[in-house]
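Novice: So that we are looking at the same thing, I have put the structure below in structure tokens.
The values are calculated or read from the model by the stated rules, or taken from the named source; none is laboratory data. Since the model is a prediction, treat every value here as computed from it, not as a measurement. Every residue, glycine among them, receives a Cβ derived from its backbone with ideal geometry; neighbour counts consider all protein chains shown. Surface accessibility is based on the protein's heavy atoms, side chains included, excluding ligands, DNA and RNA. Shrake-Rupley method; radii C 1.70, N 1.55, O 1.52, S 1.80 Å.
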Amino acid sequence: MSPPTLDLNNVQGDILLGLPKKGQTFFFFNINDGTIPDFCIQLGHLVPLITTVAQVQDDQARISKEKEKAKAHHTNPQILDMTGVNISFSQKGLLQLSINDEIGDPAFTAGQFADVANFADDPTKWDPEFKAGVHGVIYITGSSHSLIDSQLAKVKTIFGVGGPGATITEVKVLQGHVRPGDETGHEHFGFLDGVSQPAIQGISTPANRGQETVDQGVILLGREGDNGIVPPGGRHDADFKFLIEPEGVTRPTWALDGSFFVFRHLQQLVPEFNDFLEKNALDVPIPILLGNPSGADLLGARLVGRWKSGAPIDLTPLKDDPAMGANPAQNDAFRFDVSSQARCPFAAHIRKTNPRADLDAFGGTEVRRILRRGIQFGPEVTRAEAAAKRSSTDIKLERGLLFACYQSNIVNGFQFVQQSWANNVSFPPKLGVPTPGIDPIIGQAATRALVGVDPDVATKELDLTAEWVVSKGGEYFFSPSISALRDTFVQAA
Ligand code: HEM
């Protein structure tokens, strides 16, 4: 039996389109013992505040209209007032609500702290709240921090946070914001982020990106492509329960149109990264005079796989091309040369995390695709830090990425990409060359090195010594559909 038609009013907005945002507050909470009936009633009051995919479509249309208007008047577009609210629960949160159904993802069930050794995270660097585990997260996005704060205040009032009858307790709050000025949209190492996302069948416009379109079930549970094995029309029984092979686990009915939400608190050591690029700068013909990049810029581009503008080195290997970087019709229109790393190292961050044609002979990449929704946190590098070439130890100056992504299966998605691709020196599989090495941006291992960085000597190894991305931990969550929140979660008591 087929599942009901996908209703974009029934899916949380961050999942398929991303809540529009200049800033974002992640409010991690625990549900207080003995308050479950009240919590469930209050959750019912939160549901109308939750932003759906359909609402994000409206918001995006308003933004596009404003941009067109500004273009016609040769002015800068106004930043329109808007906010968004979404909610997700961890396995511990589901159990606290006595929702005991097996949801069919062992990584979710075990929680992210169980992956510390798999990812070679240093547990002493994990935030204590993530080590202990949290029940859920409410995330609020907005066009300004004041709008986000007032929306958060509404949420806290609903659950009586801080008061005598509170049903939830604030465990941790993390705030993100896009970087200022020309760095807007760029992560803290300076590279344009959010360029390559999988297009979702029937939702995003494929022409938007030069990318393959993936089945809805790569992101949404219960839709065609969930686990990459559900045949057309889905494999559902009369109750819309759907099967996962090979284990034969049944996902609960209420999981339909939900998605697993992975959160990681990743600190970036920016002065140290820049210092490494300077010290290991690649040879380039006289840089500035000939319009060539600096040797440090070329090295950075070869570690990431893109120039800071977003232009892919697979298309423009020796010089940045900002116009290409900004053009969605061009900036993803490449698949890598499977037999060569002359244009892009096998281990470059974007090749490790989406190897494209490298996996054509191994079943493709579709089941591993994730939708990324991260945001930067922390201030810009200070002059003192830049001069010292070291990040300050003052926690107020910490910066990095609040990494977030969605998928229908964490074991196939985030967990696989981090553990079996980024951290795995032998990936992507290549015959007759030295092993590619580690993902230089997010790969973690006792020793970190990769080959292929020097375009002239492909086999030369580059020892990376330090890590510039430090994991402070995170959690695995599930983002239910609106109907699941209303009919299953609210009724959990
Ligand atoms: C602080 C940590 C990170 C930084 C600085 C970073 C930076 C970047 C940049 C600059 C890009 C290229 C632009 C784009 O396509 O969006 C990118 C792409 C990507 N990153 Fe990361 N990233 C980080 C963490 C992660 C993590 C933890 C994962 C997953 C395990 C990941 C997975 C991806 C994927 C799937 C792509 C798209 C590849 C493609 O389709 O071409 N990233 N990242």
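Novice: Looking only at segment 342-387, count every residue that is within 15 Å of the ligand (Cβ to nearest atom), in a loop (DSSP other than H, G, I, E, B) and at positive phi and tell me the total.
Specialist: The qualifying residues number 2.
Novice: Restricting attention to segment 276-324, report how many residues are under 21 Å from Asn354 (Cα atoms) and among the hydroxyl-bearing types (Ser, Thr, Tyr).
Specialist: Here the count works out to 2.
Novice: When you look at Asn327, is it under 21 Å from Gln211 (Cβ atoms) and within 21 Å of the chain's Cα centre (by Cα), yes or no?
Specialist: So Asn327 does not fit the description; no.
Novice: Where the second residue is in a helix (DSSP H, G or I) and within 12 Å of the ligand (Cβ to nearest atom) and the first is touching a residue at least 60 places away in the same chain (Cβ under 8 Å) and lies in segment 394-412, which pairs have Cβ atoms under 6 Å and are six or more apart or on separate chains?
Specialist: Taking only residues 6 or more apart or on different chains, the pairs are Cys405/Phe414.
Novice: Counting only residues that are outside any loop (DSSP other than H, G, I, E, B), open to solvent by less than 60 Å² (accessible area, probe 1.4 Å) and in contact (Cβ under 8 Å) with a residue 12 or more places away in the chain, how many does segment 417-447 have?
Specialist: So the answer is 5.
Novice: Please tell me if Asn409 is away from the ligand (no atom under 13 Å from the Cβ), open to solvent by less than 60 Å² (accessible area, probe 1.4 Å) and either of a type in the set (S, T, N, Q) or part of a loop (DSSP other than H, G, I, E, B) (or both).
Specialist: Against the criterion (away from the ligand (no atom under 13 Å from the Cβ), open to solvent by less than 60 Å² (accessible area, probe 1.4 Å) and either of a type in the set (S, T, N, Q) or part of a loop (DSSP other than H, G, I, E, B) (or both)), Asn409 qualifies.
Novice: Return the only residue of Pro434, Pro480 being away from the ligand (no atom under 16 Å from the Cβ) and within 23 Å of the chain's Cα centre (by Cα).
Specialist: Unique residue meeting the criteria: Pro480.
Novice: Evaluate the following for His177: is it touching a residue at least 24 places away in the same chain (Cβ under 8 Å), within 14 Å of the ligand (Cβ to nearest atom) and either crowded, with 18+ Cβ neighbours inside 10 Å or not assigned by TED's automatic domain parsing to the domain that holds Ile87 (or both)?
Specialist: For His177, the condition - touching a residue at least 24 places away in the same chain (Cβ under 8 Å), within 14 Å of the ligand (Cβ to nearest atom) and either crowded, with 18+ Cβ neighbours inside 10 Å or not assigned by TED's automatic domain parsing to the domain that holds Ile87 (or both) - is not met.
Novice: Which residues, counting only those in segment 165-180, are of a type outside the set (D, E, K, R) and at pLDDT 95 or above? If you could, list the steps in order and put the result at the bottom.
Specialist: Looking only at segment 165-180, we keep the residues that are of a type outside the set (D, E, K, R), and these are 165-169, 171, 173-178, 180.
Passing the criteria: Ala166, Thr167, Ile168, Thr169, Val171, Val173, Leu174, Gln175, Gly176, His177, Val178, Pro180.
Novice: With segment 32-115 as the region, which helices (runs of 4 or more DSSP H) entirely inside it contain at least 1 residues that are without any contact (Cβ under 8 Å) to a residue 60 or more places away in the chain and either of a type in the set (Asp, Glu) or not assigned by TED's automatic domain parsing to the domain that holds Ser144 (or both)?
Specialist: Result: 53-72.
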